[in-house]
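Novice: I'd like to ask some things about the structure below.
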Amino acid sequence: MAAEPLIKVENLVKHFVVRLGAFGERGATVHAVDDVNFDIFAGETLSLVGESGCGKSTTGFTLLNLQKATSGKVIFQGENIVSLDEKRMRPYRRELQIVFQDPYSTLNPRMTIGEVVGEPILFHKLATKAELPEKVTRLLADVGLPARFASRYPHELSGGQRQRVAIARALACQPKFIVCDEAISALDVSVQAQIINLLLDLQEKYGLTYLFIAHDLAVVRHISDRVGVMYLGRLAELATREQLFSNPLHPYTRALLSAVPEADPELEKTRQRQILVGDVPSPLAPPAGCRFHTRCPIAMDKCRAVVPEWREVVPGHHVACHAVEVGAAG
Amino acid sequence: MTMTPVNLSSTVADDEPPVSLWRDAWHRLLRNKLAVAGLAVVILLAFVAVFGPWLTPYDFLTQDLAARNQAPSLAHLFGTDDLGRDVFSRVVYGTRTAFVVAIVVTTIAVVIGVTLGAMAGYFGGLFDRIVMWFTDMTMSVPNLLLVVVINASLKTPLTAWMEARYQATLNPFYRETIWVDFLLVFGSMALISWPPYARLVRAQVLSIRGRPYVTAARALGLTNRLILIRYIVPNAIGPLIVSVSAGLGTAMVLESAFSFLGVGVNPPTPSWGNMISDGLRVWQHYPHLLAAPAAVLGLATVAFSFLGDGLNDALNPRGSK
C-alpha cells in the first residue's frame, strides 16, 4: 500500500436542512454524515458498510462534490475539491467517477449505448470524432459487451448489461477513482458475481481505486482491502479486511459481523448471534455522546455524554469507542 | 484482458434493428385504432383549415337573400342561414378560425408555460415560488369569468384608443379593430391556458432532475446547458406532447364557448361558437343551423382527445399495460 493517500477525507460533514410543519416554519437538520475521516490509497478497494440511512452513500456523493459538503475537506491532488464550484471541479470530474445502484435509471433512456459511452470521451476531448467508434468498441469489450450494442437503447438491455454500460461510461473518462454506490445491490446474485469479477479485473487492468459502498458483508469481505463501518453518520471502525473480520473492536461491528451466516455448517452451529435491541435513532436528533450508546450492550455513563475520539489503536486500525483500550487489538 | 460475453444473448437479437423510444412510441400509436382515427380526423380538419377557401362552393360572406334558411340540399350541403349564407362554407371557414385560435393560443401558452415551468423546476428557490404563486392565482379564478371580465373591461377602451389613434395618424392599421378582438381573444385565452403547462413541465423537470442519469451526467462534468438539452428536455417532453394534443381540442371548445358568450371572435368572421350561438336561437325551426357547427366541433374535440389518449399510451407504455 502506498504511503501517500490518493484521497484524504478530513472531518467531512454533510447536514441536510429540512422544513417541517404546514408552512415549513420549523427547520430541522438531518445529520447524514458527521465528522468522517479516512484516507483512500491508490489501487486499493475501500469498502464502506452500514445499514440503510447510515450515511455511506451520502459520504460517496459528498466526496465527489455531487452534494455540497457542509464542512470538512476532501483532498485530491493537493486540492480541496469539495470547496470547488462546478467549473473549477470539471477537470477533477474526469478522474473521479461513480457507478450507481439502480441499473434501470442510471442510463438516459433517449441515448444509445454508443452515445452514452462516447459522450464523456468527446466532452473531455479524450479522442477525436473519427477515433470514437473504435474507442467505444474497446470500452464495450472491456466490460464484456459486443460492439453491436453501441446502436442499442438502454431499454433493450438487461439489468446486468446496463450496469456494464454504466461501468463503461465511467471508464470512458479514464478515471483514477470510482465510487461504486451499491453498484451490485440491485442485481441477481449470479449477475452480482459477474459484475464483481468484472470490477476486480478492470481494477487490475487500469490500476483503479474503488470506494465500494455496500451492505453485503460477504461481498465486502471478498473484494475489499480495507473496510469502514458507519453508524448513524459517523465512522465506527476502519481497518484492513483481516483486522476487521478477525478482530472487530467496535461493539457495533461485532453485532454486524455476527449477523453474517457461515458457509460451513459446523461453524454456523457455533455462531453466536448478537442481536441489537431497539431501532436506529433518527438522524434528525442523533443521541449525544456516542451515537451507538442507545443500543450498545456495553454502554457506560461516559458514552452517553462524550463523543468517542477517532483513534488509531493499532497501526491501520481506527475505532471510535470509549471501551477500546489502545493496543487492545493485540 | 478478454472478457467472454456472458448471458448476453437473451435480450437483444442481432438481426433486429435498434428501436429508439420515439420510434417505439410511434409504432404503439399506429396500433391504437382510436388514436389513428383521431389522427386522421385531425389531419383532415387541418387540411380543410388550410385549403378551405379553395374547397367551398360559395364565399362565406355572400348573402343570397332569396335562399334564406334553406334545409340541406345538394346545392347547399348544410343548408343556408337566415342571411342566405352557405352554412357548409361557413363551417369550413370556421375550421380555419378554430385552428388559428387553437394553434396561436396553445403556442403562446406552451412557450410561457414551458419556459417558466422548466426554469422554476430547475432553479427552484424564490423564482420557483413566485411562478407557482402566479399559476395558483390564475388557476383559482374561474376561466370564463376571467375572460369575460378582461374582454368587458378592456374591449371598449382599446377600441376607442384605436379609433383615436386613427383620427390622429390616419394610419390604416388603427382602423382595423379586428386586431383588438384578436389581441383580447388570444391574450385572455393564453392567460388562462399556460398554468397547467407550467405545472406539468415543472413537475417533470423536478422528477427528472433527481434521476441517477442526471447525477451521472453531473459526475461526468457535463455543463448545465448540455444536461438540460440532452437529458432533461428529451425526457420531459413526452407528457407535454400529450398535453398539447389535448390542449388544442380544449382551446377549440374554449373559443366556441367564448364566441357563444359573445366575447370571442366577432361576426361576420365565422367561428363554430358564434354559429352555434346563432343557431341556438332558431333551432326549433332550422335545426341544421345548430347541428352542423356543433357536430363538427364535437368531431374535432373527440378526435383530439382520442389522439391525446393514444399518445399518452404510446409515450407512457408502463401506465397502459
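Novice: Go over the candidates A:Leu107, A:Leu140, A:Leu46 one by one and state the one that is modelled with pLDDT of 95 or more and either touching a strand residue (DSSP E or B) at 6+ places or on another chain (Cβ under 8 Å) or part of a loop (DSSP other than H, G, I, E, B) (or both). Outline the logic, then answer.
Specialist: Values: A:Leu107 fails: modelled with pLDDT of 95 or more; A:Leu140 fails: either touching a strand residue (DSSP E or B) at 6+ places or on another chain (Cβ under 8 Å) or part of a loop (DSSP other than H, G, I, E, B) (or both).
Checking each option against the conditions leaves just A:Leu46.
Novice: Are any residues in segment A:102-113 open to solvent by 10 Å² or more (accessible area, probe 1.4 Å) and at the interface with chain B (Cβ under 8 Å from one of its Cβ atoms), and if so, which ones?
Specialist: To start, the set of residues in segment A:102-113 that are open to solvent by 10 Å² or more (accessible area, probe 1.4 Å) comprises A:102, A:104-105, A:109-112.
Within segment A:102-113, A:Asp102, A:Ser105, A:Pro109, A:Arg110, A:Met111, A:Thr112 meet the criteria.
Novice: Give segment A:42-61 a look and list any residue that's more than 11 Å from the chain's Cα centre (by Cα) and either within 14 Å of another protein chain (Cβ to nearest Cβ) or within 18 Å of A:Val229 (Cβ to Cβ) (or both), or say none.
Specialist: First, the residues of segment A:42-61 that are more than 11 Å from the chain's Cα centre (by Cα): A:42-44, A:51-54.
The answer is A:Glu44, A:Glu51, A:Ser52, A:Gly53, A:Cys54.
Novice: Tally up the residues in segment B:197-209 that are open to solvent by 60 Å² or more (accessible area, probe 1.4 Å) and out of contact with any Phe, Trp or Tyr (no Cβ under 9 Å at 6 or more places or on another chain), please. Can you show your working first?
Specialist: Step one: list which residues in segment B:197-209 are open to solvent by 60 Å² or more (accessible area, probe 1.4 Å), which gives B:199, B:206, B:209.
Adding the requirement that they be out of contact with any Phe, Trp or Tyr (no Cβ under 9 Å at 6 or more places or on another chain) leaves B:199.
Result for segment B:197-209: 1.
Novice: If only one of A:Arg311, A:Arg295 is farther than 28 Å from A:Asp39 by Cβ, of a type outside the set (Val, Ile, Thr) and at pLDDT 90 or above, which one is it? Break it down into steps so the answer makes sense when it comes.
Specialist: Working: A:Arg311 fails: farther than 28 Å from A:Asp39 by Cβ.
Going through A:Arg311, A:Arg295 in turn, just one is farther than 28 Å from A:Asp39 by Cβ, of a type outside the set (Val, Ile, Thr) and at pLDDT 90 or above: A:Arg295.
Novice: Answer yes or no as to whether A:Lys73 is of a type in the set (D, E, K, R), at pLDDT below 95, in a strand (DSSP E or B) and open to solvent by 60 Å² or more (accessible area, probe 1.4 Å). Give the derivation first.
Specialist: Details: of a type in the set (D, E, K, R): yes; at pLDDT below 95: yes; in a strand (DSSP E or B): yes; open to solvent by 60 Å² or more (accessible area, probe 1.4 Å): yes.
Here the answer is yes, as A:Lys73 does meet what is asked.
A quick yes/no check of all residues on (1) in contact (Cβ under 8 Å) with a residue 24 or more places away in the chain; (2) touching a helix residue (DSSP H, G or I) at 6+ places or on another chain (Cβ under 8 Å); (3) crowded, with 24+ Cβ neighbours inside 10 Å; (4) within 29 Å of B:Val149 (Cβ to Cβ):
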{"site": "B:Glu255", "(1), (2), (3), (4)": "yes, yes, yes, yes"}
{"site": "B:Phe260", "(1), (2), (3), (4)": "no, yes, no, yes"}
{"site": "B:Ala295", "(1), (2), (3), (4)": "no, no, no, no"}
{"site": "B:Leu299", "(1), (2), (3), (4)": "yes, yes, no, no"}
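Novice: Hey, could you check segment A:183-198 for residues that are farther than 24 Å from A:Arg93 by Cβ and in contact (Cβ under 8 Å) with a residue 24 or more places away in the chain and say which is most open to solvent (accessible area, probe 1.4 Å)? I'd like the intermediate steps shown before the answer.
Specialist: Kept after step one, since they are farther than 24 Å from A:Arg93 by Cβ, are these residues of segment A:183-198: A:185-194, A:196-197.
Within this subset, residues satisfying the condition of being in contact (Cβ under 8 Å) with a residue 24 or more places away in the chain are A:185-188, A:191-192, A:194, A:196.
Working: A:Ser185: 41, A:Ala186: 54, A:Leu187: 18, A:Asp188: 106, A:Val191: 27, A:Gln192: 28, A:Gln194: 41, A:Ile196: 13 Å².
The extreme case among them is A:Asp188.
Novice: Could you tell me whether any residue of segment B:149-156 is at negative phi, at pLDDT 85 or above and open to solvent by less than 20 Å² (accessible area, probe 1.4 Å)?
Specialist: Scanning segment B:149-156, I find no residue that is at negative phi, at pLDDT 85 or above and open to solvent by less than 20 Å² (accessible area, probe 1.4 Å), so the answer is no.
Novice: Which one is most open to solvent (accessible area, probe 1.4 Å), of the residues in segment A:289-330 that are among the hydrophobic types (A, V, I, L, M, F, W, C), touching a residue at least 40 places away in the same chain (Cβ under 8 Å) and farther than 19 Å from A:Gly233 by Cα?
Specialist: Filtering first and then ranking leaves A:Ile298.
Novice: Something else now. If A:Asp201 meets every condition in (1) without any contact (Cβ under 8 Å) to a residue 60 or more places away in the chain; (2) away from chain B (no Cβ under 11 Å) apart from one, which number is that one?
Specialist: For A:Asp201, the exception is condition (2).
Novice: I would also like to ask the following. Which residue is nearest to A:Gly72 (Cα to Cα), if the candidates are limited to segment A:216-258 and must be open to solvent by 30 Å² or more (accessible area, probe 1.4 Å) and in a strand (DSSP E or B)?
Specialist: Among them, the one singled out is A:Arg234.
Novice: Looking for whichever is within 14 Å of chain A (Cβ to nearest Cβ) and either modelled with pLDDT of 80 or more or open to solvent by 50 Å² or more (accessible area, probe 1.4 Å) (or both) here; the options are B:Asp59, B:Asp14. Which one fits? Working first, answer last.
Specialist: On the way: B:Asp59 fails: within 14 Å of chain A (Cβ to nearest Cβ).
Just one listed residue meets the conditions, B:Asp14.
Novice: Going by the structure shown, is B:Asp64 open to solvent by 20 Å² or more (accessible area, probe 1.4 Å), under 21 Å from B:Asn274 (Cβ atoms) and modelled with pLDDT under 75?
Specialist: Details: open to solvent by 20 Å² or more (accessible area, probe 1.4 Å): yes; under 21 Å from B:Asn274 (Cβ atoms): yes; modelled with pLDDT under 75: yes.
Yes, satisfied.
Novice: Looking at A:Pro286, A:Pro281, which one is in a loop (DSSP other than H, G, I, E, B), touching a residue at least 24 places away in the same chain (Cβ under 8 Å) and touching a Ser or Thr at 6+ places or on another chain (Cβ under 8 Å)? So that I can check it myself, show each step before the final result.
Specialist: Details: A:Pro286 fails: touching a Ser or Thr at 6+ places or on another chain (Cβ under 8 Å).
It is A:Pro281.
Novice: A:Cys180 is checked against (1) surrounded by fewer than 21 Cβ atoms within 10 Å (Cβ to Cβ); (2) more than 10 Å from chain B (Cβ to nearest Cβ) and fails just one. What number does that condition carry?
Specialist: If we test A:Cys180 against (1) surrounded by fewer than 21 Cβ atoms within 10 Å (Cβ to Cβ); (2) more than 10 Å from chain B (Cβ to nearest Cβ), just (1) comes out false.
Novice: Hey, could you check segment A:114-137 for residues that are of a type outside the set (A, V, I, L, M), assigned to a helix (DSSP H, G or I) and within 11 Å of chain B (Cβ to nearest Cβ) and say which is surrounded by the fewest Cβ atoms within 10 Å (Cβ to Cβ)?
Specialist: Taking segment A:114-137 and keeping what is of a type outside the set (A, V, I, L, M), we get A:114-115, A:118-120, A:123-125, A:128-129, A:131, A:133-135, A:137.
After this cut, where a residue has to be assigned to a helix (DSSP H, G or I) as well, the list is A:114-115, A:118-120, A:123, A:133-135, A:137.
Subset that is within 11 Å of chain B (Cβ to nearest Cβ): A:114-115, A:119-120, A:123.
Details: A:Gly114: 21, A:Glu115: 17, A:Glu119: 20, A:Pro120: 26, A:Phe123: 19.
Taking the candidates together, the pick is A:Glu115.
Novice: Given the residues A:Ala168, A:Ala147, A:Ala193, which is the only one that is among the small types (Gly, Ala, Ser), at pLDDT 95 or above and outside the structural domain of A:Ala218 (by TED's automatic domain parsing)? Outline the logic, then answer.
Specialist: On the way: A:Ala147 fails: at pLDDT 95 or above; A:Ala193 fails: at pLDDT 95 or above.
After ruling out the rest, the residue left standing is A:Ala168.
Novice: Can you tell me which residues in segment B:177-222 are over 26 Å from the mean Cα position of the chain (by Cα) and part of a loop (DSSP other than H, G, I, E, B)?
Specialist: Step one: of segment B:177-222, the residues over 26 Å from the mean Cα position of the chain (by Cα) are B:209-222.
Once the filter is applied, which keeps residues that are over 26 Å from the mean Cα position of the chain (by Cα) and part of a loop (DSSP other than H, G, I, E, B), segment B:177-222 yields B:Gly210, B:Arg211, B:Leu220, B:Gly221, B:Leu222.
Novice: I would also like to ask the following. Take segment A:91-100 and flag every residue that is more than 8 Å from every other protein chain (Cβ to nearest Cβ) and in a loop (DSSP other than H, G, I, E, B).
Specialist: Residue satisfying the conditions is A:Glu95 alone.
The values are calculated or read from the model by the stated rules, or taken from the named source; none is laboratory data. Everything quoted here is computed from the prediction, not taken from an experiment. Counting neighbours? That spans all protein chains shown, and the Cβs are built from the backbone with ideal geometry, glycine included. For the accessible areas, the whole protein counts, side chains as well, though only heavy atoms, and no ligand, DNA or RNA atoms are used. Shrake-Rupley method; radii C 1.70, N 1.55, O 1.52, S 1.80 Å.
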